[in-house]
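One structure is given below, encoded as structure tokens.
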Amino acid sequence: MSDLSSSREHADRSFIGEDFSQQDLSDQLFERCNFSGCSLRGANLSGCEFLQCEFNAEASDDPADLSHARLRETRFERCNLTVVPLTHCQAYGAVFTRCQLQGADFSKSDFRLPVAGSDLVALTISDSNLSFANLSHNYLQGAELAGNRMLECALDYCDLSGANLQGCELHGIGAVGVTLTGADLRGAAFSQLDPRQVDLSGIKIYQSQAWTLLDALGVIVEQDP
């Protein structure tokens with residue numbers, strides 16, 4: 001197994017198939033590294049930065065496993081995390097920017113920080129591909145999720161109250177029990193948000209988007225005489 005104790009900065013290294021389960025790798029920098037097939041299950045990756053890293057190389061059918069990992073204030077930029085399991089993670093302050101996250105499983109992770117009897121939420125996923133990803137059963141009030149492609153993303157029983165979803169592609173999402181109260185949907189594209197099934201009170205949209213919601217209600221709007 002690779003020794004990561006001699007340096008906190010690693011570039012152009014291959015860790016394919018290695019086992020870092022339960023290890024403390026916090027506050028390290030990884031650039032253009034390959035973690036395909038790695039077990040990072042339960043590892044402490046808090047404060048780490050992953051830049052242009054592979055967690056599921058094209059030739060690999062064995063993605064890395066990040067389930068149960070600690071991802072507090074961990075940053076991923078331009079990384080490939082396609083179908084990577086990220087379930088049950090402690091991930092307050094995690095940031096994913098311009099990443100490939102198709103089919104990634106974030107279900108039942110915790111993005112909260114208890115403060116004075118209430119919970120703060122910090123998660124940023126921006127300009128990334130979340131198509132077919134699983135964000136179900138998460139508390140994401142106020143999360144920053146702008147500019148993502150989220151085709152057929154699973155959002156069942158996800159609390160997205162006050163979340164920023166500006167410019168997202170939300171076609172075909174699974175949204176049983178989802179909460180979108182007060183969310184910012186300006187510029188988002190959606191086709192299956194039925195106001196009769198999802199509480200959309202207080203959401204922010206552009207006037208042009210209102211026609212999609214009226215169509216879902218079967219409302220026929222005609223020009224004034």
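Here are some notes:
- Against the numbered list (1) of a type in the set (A, V, I, L, M, F, W, C); (2) outside any loop (DSSP other than H, G, I, E, B); (3) within 27 Å of residue 84 (Cα to Cα); (4) open to solvent by less than 70 Å² (accessible area, probe 1.4 Å), residue 213 comes up short only at (3).
- Test result for residue 208, in a loop (DSSP other than H, G, I, E, B) and either over 21 Å from the mean Cα position of the chain (by Cα) or among the small types (Gly, Ala, Ser) (or both): no
- For segment 184-225, a residue qualifies if it is over 21 Å from residue 174 (Cβ atoms), at pLDDT 80 or above and in contact with a helix residue (DSSP H, G or I) (Cβ under 9 Å, 6 or more places away or on another chain), and the qualifying residues are 186, 187.
- Scope segment 1-11; condition open to solvent by 100 Å² or more (accessible area, probe 1.4 Å) and touching a residue at least 12 places away in the same chain (Cβ under 8 Å); matching residues: 1, 8, 9
- Scope segment 17-58; condition of a type outside the set (D, E, K, R), in a strand (DSSP E or B) and over 18 Å from the mean Cα position of the chain (by Cα); matching residues: 29, 30, 34, 39, 44
- Wholly enclosed strands (runs of 3 or more DSSP E) of segment 75-166 bearing at least 1 residues in contact (Cβ under 8 Å) with a residue 24 or more places away in the chain, surrounded by fewer than 24 Cβ atoms within 10 Å (Cβ to Cβ) and over 11 Å from the mean Cα position of the chain (by Cα): 75-77, 112-115, 118-121
The values are calculated or read from the model by the stated rules, or taken from the named source; none is laboratory data. As the structure is a computational prediction, the values presented were derived from the model and not from experiment. Cβ coordinates were reconstructed from backbone atoms using ideal geometry, including for glycine residues, and neighbour counts include every protein chain displayed. Quick note on the areas: whole protein, heavy atoms, side chains included, nothing else; ligands and nucleic acids left out. Shrake-Rupley method; radii C 1.70, N 1.55, O 1.52, S 1.80 Å.
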